[in-house]
Amino acid sequence: MLMLLLSCPCLAAEGDTQPAKGVSVVKFIPGLPQLISGKVLKGSMLLGACLATVAGAIVENQRGNDYYDQYLASIDVDEVIDLRARAEKSFRSRNYFIIGMVSVWVLHFLDLRFLKNKKGKVKGEVKNSCLCIGIYYSF
């Protein structure tokens, strides 16, 4: 719901006087609109983060399902406990990847909505082996 609310104002092209009849799929894939508009670094970072989180979620889900199937088929008590713990750990990791995926999409739509008109700026700085990222928007 949040993604739809944030993306609605940016769906129409700039200068259009007529309402948009369709929505481009490109707007919903993080990084592609930025790559198309020439912001290669930002676009590649968003697209890479999106692909990494999707791949991580798929891998951890499959791993958790495999552990869970082994858990159901096992009759050894020690093995059952170990397999159950591994399955839960994989599913927890999958959930973290899903949270990361949603975060990338939220950042993508915030970028499309607020940073497109040059009033907003993302500033990054590295201090003492720490990465600091700030998002600024002027009204």
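The values are calculated or read from the model by the stated rules, or taken from the named source; none is laboratory data. Given the structure is predicted, the values throughout are model-derived calculations rather than measurements. Cβ placement follows ideal geometry from the backbone for every residue including glycine, while neighbour counts extend to all protein chains displayed. These accessible areas exclude ligands, DNA and RNA; they are computed on the full protein's heavy atoms, side chains included. Shrake-Rupley method; radii C 1.70, N 1.55, O 1.52, S 1.80 Å.
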**Complete:** Within the stretch 35-54, the count of residues that are open to solvent by 50 Å² or more (accessible area, probe 1.4 Å) and of a type in the set (Gly, Ala, Ser) comes to 4
**Request:** Give just the number: which of (1) open to solvent by 80 Å² or more (accessible area, probe 1.4 Å); (2) touching a Gly at 6+ places or on another chain (Cβ under 8 Å); (3) of a type outside the set (A, V, I, L, M, F, W, C); (4) modelled with pLDDT of 85 or more does SER90 not satisfy?
**Result:** (1)
